[in-house]
Structures are given as C-alpha cells and as structure tokens.
1. Would you give the gap between the C-alpha center of the stretch A:255-317 and the C-alpha center of the stretch A:122-165, rounded to a whole Å?
2. Rg to Rh ratio, the stretch B:6-71, alpha-carbon atoms and Kirkwood radius?
3. Show which aspartates and glutamates lie in cross-link reach of A:K56 when reach means a straight Cα distance below 17 angstrom and same-chain residues fewer than eight apart are skipped.
4. Compute the label zone of B:T185 within the stretch B:206-232: residues whose backbone N is under 12 Å from the point 7 Å along Cα-to-Cβ.
5. As an exercise, use a Förster radius of 45 Å and the Cβ-Cβ distance of B:E98 and B:T24 to find the FRET efficiency, rounded to the nearest 0.05.
6. If you line up the long axis of helix B:145-165 against the longest principal axis of chain B, both from Cα atoms, how many degrees apart are they, to the nearest 10?
7. Sequence gap at least 6, Cα distance under 8 Å: using those rules, report the relative contact order of chain B to the nearest whole percent.
8. Per 0.36 nm of contour for each residue apart, how much would the distance between A:K56 and A:R92 grow if the chain were fully extended, relative to their Cα-Cα spacing?
Amino acid sequence: MYPRKPAQFLSIDGTTIVDGCLAEPDRYRVLYDRDETNPIIGRGSGLSYVAASMGKDVLSIGMRHFDRLLSFDTETGIVEAEAGISLGALLRFLLPRGFMLAVMPGHPNISLGGCIAADVHGKNPVRDGTFRDHVLSLDLWHPRSGLRRGGPGSVIFDASCGGYGLTGIIVSARVRVRRVEGVKARLNLTPVKSFDEAHEILQQRAASADLIYSWHDWTKPNRTSGFVVEGAVLEEQGTAAFTRTAALQPRRGFPLMNRVTIPLFNAAYRFKILRQNGAVLPLPEILFPLAGMGFYFRLYGNGLLEHQVLVPHDRWSAYWPKVAGLLSAYGVHPVVSSLKLFAGPRKGISFAGDGVSLTINLVNDRRGREFLEALDLLDCDTGGVANPIKDSRLGKQAFGRQAPMLMQFMEQRAALDPNGQFRSCMSERLGL
Amino acid sequence: MRAVIIGATAGVGRSLAERLARQTADLVLIGRDARDLEVVADDLRLRSGAKIYPVLLDVAGMQSPQLCEAIAASVGVIDALFVIAGVTDPDDRGLLSETALDRITQVNFVGPAKLINALLPLCGPACHIVIAGSVAAIRPRGVNFVYGASKAALEFYAMGLRHAFGSRLDSVACYRLGYISTAMTFGQQLPFPATSPEAVADVMVKNLGRSGVFYFPGWWSLLAMLLVRLPWSLYKNLRA
C-alpha cells in the first residue's frame with residue numbers, strides 16, 4: 001500500500017475541486033506497489049488545465065521524486081529521463097549542450113510524463129508535430145502487469161501517448177531532442193486585421209518557423225485584429241536565463257475579469273506584446289510564457305474556461321464568423337484568442353490532426369458555459385476537435401463525436417488496464 | 001573533496017549528493033536499493049560530470065571488508081563521511097516486534113557505528129564526519145522512542161569519536177534534525193512545519209568543519225531547552 005495522505009486538489013484552470021489522496025513515493029520499491037484494488041492515477045506537476053491527475057477518492061501517485069536523467073547521447077540526440085523531470089530541468093541540462101526538446105508547452109514545471117500522457121503540442125505543431133512524435137520508447141508501470149516498455153507501434157506506446165494517464169504510470173521515457181544553434185530567439189510581430197489574414201500568414205510561414213502563432217483581441221465579436229508572433233532562434237551563445245521560475249499554484253482569487261476589465265486586459269497585453277517586437281529574448285522566456293503568470297489564473301476568480309478546437313483549414317473561414325455570432329448571442333467576451341496551425345494525421349484521442357486551432361479563454365460563469373455548449377455543437381458540425389486536456393467542461397457526448405478513434409483507444413486501454421484501476425475526474429467526465 | 005554518503009538515494013542523502021556533485025566532489029553513494037542507487041548515480045554523473053561510485057549495501061547488514069575495499073578502490077581517502085540513513089516505524093509507540101526493533105537499531109545505530117568504525121582508517125587527516133541525528137533524541141516520549149533511543153545512541157557515539165579522535169579528524173558534527181519533508185514524515189500531522197531536505201543538505205555542507213551537536217532548524221534549540229527542563233509532572237501530560 002502506498003503511504004498516502006488525504007488531499008484536496010484544485011485544477012489549474014480553477015474550475016474543479018476534488019477530494020482524493022496523494023502518495024509521493026521516493027524510491028522504486030515504493031512506486032512499484034502491487035495493490036490492484038484502489039483507483040489510482042499518475043500525477044506529474046498537476047499542471048493540466050483539467051483535473052487529469054486527480055479524482056474523487058482516487059489516489060494520485062505524485063512522481064516528483066522520479067526526476068532523474070538516465071542517459072544522454074550527444075551523437076544521436078537521445079535523452080532518457082524519469083517521468084517526473086520537469087521541462088525546465090531538462091532544458092537547463094540540454095541548452096548548454098546545444099540541444100532542446102522539439103515540443104514544449106508553456107510552463108517549465110510541466111513534467112515529461114505529463115507531456116507524454118497529454119501528447120502536448122508546442123509553439124509550432126506544423127513543423128514539430130506533437131510530443132509523441134519525439135518519444136522513442138516509454139516504461140509503463142501497472143500494478144497488475146508490472147513494468148513494461150513500449151515503442152512506436154506497440155499498444156503500450158500508442159495508448160499511453162495521449163492516453164491521459166489511463167493506461168498506467170509512465171515511469172521513464174527515451175526522447176529524441178533537437179540541436180539548437182543558440183540560446184536566444186528574436187520575436188517578430190506582423191499586425192493582422194482578422195483571423196483570415198492571420199490564417200493565411202500562418203500557412204505561408206509555419207513550415208519553417210521556430211515558433212509561430214497569432215494573438216487576437218476578440219473583445220468585440222466583429223473585430224479580430226491582432227498579431228502573428230514569429231520567433232527565430234539566433235546563433236547566439238551564452239547563458240539562457242530562467243528569469244521566471246515561480247511554481248504555478250492552482251488558487252482561486254477575487255474575480256476581476258468582466259466586460260469592463262477584459263478590454264483593458266487585452267489592451268495591456270497588446271502593449272506588452274508590441275514591446276517585444278524585434279526583441280531578442282532568452283529561449284526559456286519565449287518557450288514558457290506561463291511562467292510567472294499565476295496571477296492571470298487568479299484574475300478569473302472562480303476559474304477560467306479554456307476551449308481549444310482544431311478546425312479543418314477549408315472550414316475555418318466559415319467557422320469563426322459563426323463563433324463570433326455565438327459570442328454576440330451569449331454576450332460572452334473572450335480574454336485570450338489565439339491561432340496555431342497543426343499538420344499531420346489524428347493520433348488516438350490526442351489533440352492532433354490537420355487544421356487551425358483556435359484557443360479562447362472565458363470567465364467560468366453560466367453564460368460562458370452555455371456559450372461553450374453551443375460551441376460544442378458547432379465544433380461537431382464543422383468537423384472540429386476540442387482539446388480534452390484544456391476544457392474542464394467538455395462532455396462525453398461531444399468528445400465521443402469528435403474522437404473517431406475512441407473505440408480503438410478503449411480497446412487498447414482495456415488490454416492494459418482491464419479493471420479500470422486508473423481513473424481521474426477527466427476520465428469520469430469523458431466516459432473513458 | 002572525496003565524500004561518502006550513507007543513505008544517498010532519497011531525502012537528505014540525495015540532496016547532499018546533488019549539492020556535493022555540483023561542487024564536483026568525488027562521491028561514494030551507499031544505498032540498499034540497486035534501482036535507486038544506479039539512477040541517482042547516472043543522474044549526478046550526467047548533470048555534474050563528477051565521479052560517482054555507487055555501492056550497494058544495507059547498513060543493517062553491513063559487510064565491512066567489502067565496503068572498505070570498494071571505497072579504497074574508488075576514492076581511496078575519505079575527506080567527508082555523511083551518515084544519513086535512518087528508518088522509523090509507525091508502530092514505534094509501544095511494544096515493537098523484535099524484527100522492527102532490530103531493524104531500527106541496526107539501521108540507525110549499530111550499522112552506522114560499525115561502518116564509521118570500519119572506515120576510520122580510510123579517513124584523511126582533515127576528514128569531516130557528519131551525522132544525521134534527530135530531535136526525537138531530545139527527551140524520550142511515548143512515540144518514536146526506539147527511534148529516538150537509536151539516534152541518541154548514534155549521537156553519543158559520534159561525540160565519543162570527537163573526543164577520542166579530535167586530533168585526527170577535522171570535525172565531527174551531529175545534526176538534531178527537526179521535521180523534514182521526506183518519506184518518513186509524509187502524510188503525518190506534524191506539530192511544526194517541515195523543512196526541505198535541500199535546506200538540510202545546504203547547512204551540512206556549509207558548516208563542514210564545525211564540531212558539536214547542532215539543531216536544524218535552529219529554533220529547535222529553544223524548544224529543546226524547554227523540553228529538557230520541563231518537570232516530569234507536566235511533561236508526562238504532553239501529547240505523545
């Protein structure tokens with residue numbers, strides 16, 4: 001039995017509170033527990049927007065002590081590490097040696113295991129794909145079957161990459177890393193008048209950019225002006241300062257986001273981002289925009305609703321005006337609106353495929369939820385795919401309609417976790 | 001510096017290993033679980049480039065000649081010896097089983113004492129010996145008293161060493177550690193906040209060269225003064 005303690009968990013987006021238990025094994029003989037009776041789920045840094053590493057009466061197995069580097073080959077660019085290691089720690093090790101991970105989400109404390117389990121994307125999914133594209137193998141622990149290794153093509157690998165922790169505990173992984181010329185990058189901003197213009201520029205430039213996305217001020221539904229933000233790594237050596245390393249603690253605050261303050265917030269963000277035009281910044285600062293942004297989540301008070309949807313390119317121009325119509329109809333004001341391009345096939349139940357992804361952040365209130373329910377229907381009708389690791393209220397029905405490979409995943413999961421011992425708030429909500 | 005850490009795979013021992021490896025010390029890491037030991041050693045080698053020599057050994061069942069051979073073959077001479085390994089038992093609040101009692105005393109006192117005894121000939125002229133003691137040794141109470149007794153015995157032994165070998169050793173320090181965030185305290189309702197293993201490691205390394213018994217965190221010294229002076233009539237009523 002894992003040594004444990006009762007714990008109340010709050011998801012990072014601030015929408016979900018749940019009573020569970022926490023164990024934090026610090027050695028393998030404790031981690032490799034053979035208890036098959038209690039519901040469990042692996043937990044990296046707990047930085048998923050949704051409650052993926054926690055559940056009611058579920059024992060969360062914290063992996064923070066399993067954060068060691070196991071091997072690194074500078075010839076092949078392959079690093080092997082335990083799943084609890086953070087991206088920040090990996091980058092601190094890799095950058096001075098001229099390497100970096102190809103795919104990195106927005107906070108340095110996110111764990112390697114979390115990146116695999118959620119099959120996260122980085123700053124340019126067209127060029128870099130998603131995290132699983134760079135994983136060569138992983139070691140998975142299940143109390144029933146013990147420790148097993150799987151590579152691409154195996155059930156262990158295919159179901160665990162983007163399996164949201166439901167196949168077992170990811171213990172370690174071998175990952176191919178990318179050579180990088182320098183430790184700094186220059187940001188360039190291109191003003192755009194609309195989503196369509198941004199989409200066009202993204203399509204022109206995404207294949208070769210080191211980092212590319214667009215930001216839009218969508219506080220007025222019929223106006224979507226913004227910037228395409230493009231980053232290019234420079235051949236500049238030196239030290240890459242981690243200026244912002246504060247942990248992202250889930251915490252609710254006093255609600256300050258409303259129809260008056262949201263335009264002000266966006267104006268302030270526009271000002272901040274404009275100041276970065278042409279700036280040369282350390283890579284960690286560019287790669288981890290959420291570092292030091294804990295206050296942003298607290299501004300929402302009772303949490304934020306993030307919706308990220310991948311829409312086929314040919315439907316994008318017709319899709320977003322309909323979303324604008326829904327925003328008007330429900331009187332909802334998005335705080336953050338951003339586009340990224342994706343390329344490649346669907347992979348299991350991961351957020352991956354071919355198209356343009358729209359991300360919006362909303363205040364967690366009745367209107368926001370009603371709007372998103374209407375948006376779910378629009379997404380399904382458009383052939384859109386919502387990101388389940390970002391949206392805490394996405395339901396089983398919408399998720400099922402958007403995930404054509406769901407049955408295949410469920411069969412794989414049943415083979416790896418026949419009793420459904422691994423579960424979380426997220427899996428319960430999505431019927432996984 | 002050539003250092004030996006007993007109990008190097010988790011908690012304070014692992015933090016010490018990381019701290020010393022950053023100073024490119026040559027380290028002998030002693031642990032009883034091969035999986036953890038190899039992984040910690042690989043990690044330190046990769047990150048720091050230090051020379052790391054893992055030695056698989058259970059302090060409770062120590063094989064002195066083999067250990068001395070392993071250390072002589074790796075670092076040769078010891079400049080610092082850290083004795084960190086320790087165990088407790090949740091049932092240590094009454095009559096313990098003989099096995100549990102044996103385990104606690106072996107790991108916390110008998111094993112380390114035998115080990116120091118065996119390694120002394122390998123200690124250099126300016127060697128530091130650092131012992132992880134416990135505030136449980138301040139005054140016996142109804143919980144953890146076998147643990148407290150074993151730590152008190154180790155402390156007594158260490159201070160005896162200081163007296164006996166004061167001219168040969170640079171320093172002998174015993175840290176009476178308060179609550180530390182390790183597996184030993186995980187999930188327990190603690191009356192005082194726990195300190196991080198990293199903070200303990202920092203203090204132990206920074207204070208190398210100082211001899212004596214120290215409290216960490218330092219405010220425990222005030223509490224200890226009160227506890228040892230508290231009349232039995234009052235002390236016996238304190239919550240176990």
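1. 29
2. Radius of gyration relative to Kirkwood radius: 0.96.
3. Leaving aside aspartates and glutamates fewer than 8 places away in the same chain, those within reach of A:K56 are A:D19, A:E428.
4. Only B:216-218, B:220 fall inside the zone, counting backbone N under 12 Å.
5. Efficiency, rounded to the nearest 0.05: 0.50.
6. The angle comes out at about 50 degrees.
7. 18
8. Result: 9.4 nm gained on full extension.
No lab work stands behind these numbers, since they all come straight from the coordinates. A quick note: this is a predicted structure, and the numbers were derived from the prediction, not measured. Every residue, glycine among them, receives a Cβ derived from its backbone with ideal geometry; neighbour counts consider all protein chains shown.
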